[in-house]
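Remarks on the structure that follows.
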Amino acid sequence: MYRTHDCGSLRLDDINQNVTLSGWVQKSRNKGFIVWVDLRDRYGITQLVFDEKRSPNNVFEIAQSIGREFVIQVKGLVIERESTNSAISTGAIEVLVNELNILNESITPPFTLEDNTDGGEELRMQYRYLDLRRNSVKEKLIFRSKISMEVRNYLTSAGFIDVETPFLIKSTPEGARDFVVPSRMNSGEFYALPQSPQTFKQLLMIGGLDKYFQIVKCFRDEDLRADRQPEFTQIDCEMAFVEQEDILNQFEGLTRHLIKEITGIEIERFPKISYEEAMKKYGNDKPDIRFDMLFGELNDLAKGKGFSIFDCEELVAGIAVPDAAAYTRKEIDGLIDWVKRPQIGAKGLVWVKCNNDGTYKSSVDRFFNETQIASWAERTGAKSGDLILIISGETKTARKQLSALRMELAERLNLRDPKVFAPLWITDFPLLEWDEETQCYNAMHHPFTAPKPEQIDLLKTDPINVKANAYDLVLNGNEIGGGSIRIHNQKLQSEIFALLGFSKKEAKEQFGFLMNAFEYGAPPHGGIAFGLDRLVAILGGEETIRDFIAFPKNNSGRDVMIDAPSTLSETQLEELSLKKLPNIK
Ligand code: ASP
């Protein structure tokens, strides 16, 4: 037997017991006549003592030669420590070793495997299996496992069935490119890896399963933005005979349960605002509502007064930065430089200080009087002591810029407290968006999303203004889930495919199976999918998802540990009927 206990479990109560432990050597200190070793496993660290006088000779000798990360097994007696180490759970005891067995040696690891490591990101990724031995990384995976389990338990008790759907499929559009897999047996043909199990979960509803969930890998070949993974995990769900409200209630319940279980925080009902309102008030469809600084639109108050920077623009909007009226000229100039950076691209900022004595001082005093400026303060909700910052421009662009400024200020003012959880639903997204490049409509969510029932007629006359029966769940400024009520009617689905620029033939080729299924009694249905990696990271109070994934890819989509992607041999290429292209290494 390799062990009677793990390295995190021995306490004062165990004194005088003979125990067997196995684990890795975290470090050893050799005083010549005594050697202390910190033995580590998943559960903790136990201090071992090898004593010249009290341990058998050969054991003491071998103990001198064991290095960091050796895997050893020891037998010994639990004794009380002279001075307790309150930093570890086993700090009251140590094990006086009388038998030592080296199970495996280790060469010196390329970085220190301690909480504060000296290893850089790339090196730690290359030796991810060593990084996993570190508490901070290991704890994140344990945390993730706990959340997955909670999700499974919750949904299973709510009557959901866990069904696996295939990975080798035909394209399911979610707005990204597919990863493809060549088929050896069907020369010249390819599978696509699922961007989501969307069509399958709809077919499961047609198959009568009624409530489905799956914690499932999805694959999207996108240009990688920071903190995106080409393969990621979704909690994917679908329900039959539901309306939007049913889905929101069900999954608000799940989210509330997770937040409660993990953080102890109880959240009342989640607020729900429309996409339009989110864009107007936050300039963003995934607003962080842990803090205010809501947009005040000032067109009616600020345009037409002879200030051309406002007059010639589509939108003038501002935010009230709490307690920032005391900012120095230099600090304000710093903010102006910040919004002028190419990433933000604003032309500048108009500012108003709302002084504590009720007066105002602004960068546009020459153009506007006190009463006019006071009306801006009212509109943006500014109190005495606040600083109003105003941006003008084309509506979409100005909103984007002001939204970026709002987030930046929240960061600087420490308003993004990771221990605060502020979820909300965003509903009533537009069904379609116009793509200038292809001169076609794109589905804003995906092509299977139903329009709001009362707007179906508008599809013929004014498609761009049709609202979708779609919803996103946003948590602390991140979209953690999104879904929709689906089309379950073949005619309507064909109409949407046509609007999206599919010819009848293309629609049939790609989605004929779904369209056929719609003819055999498809029930009304809808669903949602949560991004598990992001959800776990946010609940863990962190911004990056990478550490919550056991073997993540880097920013170029590479796994630097196994060195993938990689080239194939000539034989494999031939078998797969793939001609060797000049740009394949
Ligand atoms: N399939 C969608 C997605 O992956 C989610 C859904 O509509 O249920 O975003």
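The values are calculated or read from the model by the stated rules, or taken from the named source; none is laboratory data. Here the structure is a predicted model, which means the values were calculated and not measured. Note: ideal-geometry Cβ built from the backbone for every residue, glycine included; neighbour counts use all protein chains shown. Accessible surface areas use protein heavy atoms only, side chains included; no ligands, DNA or RNA. Shrake-Rupley method; radii C 1.70, N 1.55, O 1.52, S 1.80 Å.
Results, tabulated for the structure shown:
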read-out: Rounded, prolate or oblate (a/c below 1.5 giving rounded, otherwise prolate when a/b exceeds b/c) for the stretch 410-489 by Cα gyration tensor; value: prolate
read-out: Euclidean distance of C-alpha centroids, the stretch 283-360 and the stretch 45-121, integer Å; value: 60
read-out: Bridge type composition, the chain - antiparallel percent by DSSP, nearest 5; value: 95
read-out: Gyration tensor (alpha-carbon) shape descriptor, the stretch 290-412, a/c threshold 1.5; value: rounded
read-out: Out-of-range pairs (alpha-carbon distance over 26 Å; input Lys281/Lys303; Lys396/Lys452; Lys400/Lys467; Lys303/Lys467; Lys146/Lys281); value: Lys303/Lys467; Lys146/Lys281
read-out: Arg341 accessible area, assembled protein chains, probe 1.4 Å, Å²; value: 80
read-out: Computed FRET value (nearest 0.05) for Glu543 with Val181, which takes r as the C-beta separation and R₀ as 41 Å; value: 0.80
read-out: Counting all C-alpha pairs of the stretch 466-506, share separated by more than 17 Å (%); value: 50
read-out: Relative contact order computed over the chain (Cα-Cα under 8 Å; 6+ residues apart), in percent; value: 13
read-out: Normalised per residue, the volume of the convex hull around the Cα set of the stretch 28-118 (Å³); value: 111
read-out: In degrees, nearest ten, helix 135-157 long axis to first principal axis of the chain (Cα); value: 60
read-out: Projected-area average for the stretch 325-370 over all orientations - Cα convex hull basis, square nanometres; value: 3.6
read-out: D (Stokes-Einstein, µm²/s), Kirkwood Cα radius, the stretch 395-533, 1.306 mPa s at 10 °C; value: 92
read-out: Computed Kirkwood radius, in angstrom, where 1/r is averaged over Cα pairs of the stretch 100-189; value: 18.3
read-out: Acute angle (nearest 10 degrees) that the helix 395-412 long axis makes with the longest principal axis of the chain, alpha-carbon atoms; value: 30
read-out: Over the stretch 472-585, equivalent-ellipsoid semi-axes from the Cα gyration tensor in Å; value: 35, 30, 12
read-out: Mean projected area in nm² (Cα convex hull; one quarter of hull surface) for the stretch 1-77; value: 4.9
read-out: Global geometry of the stretch 22-176, whether rounded, prolate or oblate, following the gyration tensor of its Cα atoms and the 1.5 cut on a/c; value: prolate
read-out: The stretch 268-330 - Debye-derived log10 I(q)/I(0), Cα point model, q = 0.14 Å⁻¹; value: -0.58
read-out: Histogram of C-alpha separations across the chain, 10 Å bin width, %; value: 3, 13, 19, 19, 19, 14, 9, 4, 1, 0
read-out: Spin-label pair Glu574/Ser83, simplified geometry with 7 Å Cα→Cβ offset, distance in nm; value: 7.1
read-out: Cα-based Rg of the stretch 203-320 normalised by 2.2 N^0.38 Å, two decimals; value: 1.56
read-out: Acute angle (nearest 10 degrees) that the helix 370-380 long axis makes with the longest principal axis of the chain, alpha-carbon atoms; value: 50
read-out: Inter-probe distance in nm under a simple model that places probes 7 Å from Cα toward Cβ, at Glu122 and Glu99; value: 4.8
read-out: Average Cα contact separation per residue, the stretch 255-337, under 8 Å, 6 or more apart, as relative contact order %; value: 18
read-out: Gap separating the Cα centres of the stretch 484-556 and the stretch 163-216, nearest whole Å; value: 10
read-out: FRET efficiency, 1/(1 + (r/R0)^6) with R0 22 Å, evaluated for Ser363 and Asp337 via beta carbons; value: 0.95
read-out: Of Lys170/Lys201; Lys330/Lys353; Lys170/Lys211; Lys280/Lys330; Lys140/Lys553, pairs whose Cα-Cα distance is over 20 Å; value: Lys170/Lys211; Lys280/Lys330
